[in-house]
Amino acid sequence: MRGISKTMVAIAAVIVVVLAVILGYYALTPPAPYKITIYTGGTGGVYYPLGVKLADLLNKYAGDKIVASASSSGASVANARALGTGDANLIFIQNDIAYYAYNGLYMFSEGKIDKIRGLATLYPEIIQIIVRADSGIKTISDLEGKRVAIGAAGSGTAVEAEIILRASGVWDKITVQNLDFTQAAQALKLGQVDAAFVVAGIPTSAVMELAATTPISLVEIPDELLNTLKQQGYLFFVPFTVPKATYTGLEEDVKTLAVRAMLAISSDVPDDVVYTILKVMFDHLDELKQAHSRAQDISLDKALEGLPIKLHPGAVKYYQDKGITVPQELKP
């Protein structure tokens, strides 16, 4: 029995030594950096240069915790689907599309993206209802009986136009035409449509080119309609005023709405990684703003403006640590 006891003691001692070596190794060896794959948009747009710069900042300032890469993509709708399949875990997306993905609406009616969580909104994309200056159209109600280009079929612009026109009570009283920005501008010039919805940063090149040859006006979207949309649950709309100097021929500032470009992240990403992403981005916002002029509108105090989906828990902690009140409806 004594021989067996000595053998067991020896084996136990060896096991203890091996465990001590293993634990010591892991104590001295930091975990591998977490892989962040950012999906952006086309190389000619705004999302791509911002995404590339964000990846650079993460690698530069959080390289021990995060390794990041940015890829061009089909933008908002494609990005949401990529996040759902796991091909991406951090995406650029319009806040309205994020809302549809989160709730399984419109282009996501076949299934919602369960993993999508909010990170921050970035800058506004302006909803512009363009008409010819001589059209006599002053209000949304004046669109009744008119031909309205609402955006390409299946696009976010087309969905936003339908929501706004339904809330205004004129959706069933217009002739809908599915035209993209360039097609709509040309159709307005030729008198083939009476109004066109454009959702983009201002000044929008297609509208600038139209205004250079054809006097235009913008139709106001009043505060009352924004309130109606909010009551209907469309929290992604925010107020915006287009300055009269934006386009040739505008005689006064025009009140309208905007959606916001935003960052969304997968719920699978650990809280501390999400916290670090936001910390790096806002601590080095001056560097991010060098990537594209639209980044000048990004700010910490507006990061929750127009955010329509639940925040990631790591984002909630970051904002609260920065002294920002997180609305209850955005908390997980």
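The values are calculated or read from the model by the stated rules, or taken from the named source; none is laboratory data. Note that this is a predicted model, so its numbers are computed, not measured. Here the Cβ is made from the backbone with ideal geometry for all residues, glycine too, and neighbour counts use every protein chain on show. Ligands, DNA and RNA are excluded from the accessible area calculation, which covers all protein heavy atoms including side chains. Shrake-Rupley method; radii C 1.70, N 1.55, O 1.52, S 1.80 Å.
Couple of notes before you dig in:
- Region 45-73, residues that are in contact with a helix residue (DSSP H, G or I) (Cβ under 9 Å, 6 or more places away or on another chain) and part of a loop (DSSP other than H, G, I, E, B): 46, 62, 65, 72, 73
- In region 72-130, of all residues being charged (D, E, K, R) and closer than 30 Å to residue 207 by Cα, the one that is surrounded by the most Cβ atoms within 10 Å (Cβ to Cβ) corresponds to 96.
- Tabulated pairs, region 310-332, first touching a residue at least 40 places away in the same chain (Cβ under 8 Å), second open to solvent by 70 Å² or more (accessible area, probe 1.4 Å) and in a helix (DSSP H, G or I), C-beta under 8 angstrom, 6+ apart or interchain: 312/271; 313/271; 314/271; 314/272; 317/271; 318/279
- Residue in region 43-59 that is small (Gly, Ala, Ser), surrounded by 16 or more Cβ atoms within 10 Å (Cβ to Cβ) and modelled with pLDDT of 90 or more present: yes
- Top-ranked residue in region 289-302 [being among the hydrophobic types (A, V, I, L, M, F, W, C) and assigned to a loop (DSSP other than H, G, I, E, B); ranked as farthest from residue 99 (Cα to Cα)]: 291
- Summed over region 303-321, the residues that are touching a strand residue (DSSP E or B) at 6+ places or on another chain (Cβ under 7 Å) and part of a helix (DSSP H, G or I) give a count of 1.
- Check on residue 112, under 19 Å from the mean Cα position of the chain (by Cα) and free of Cβ contacts under 8 Å to residues at least 40 places away in the same chain: yes
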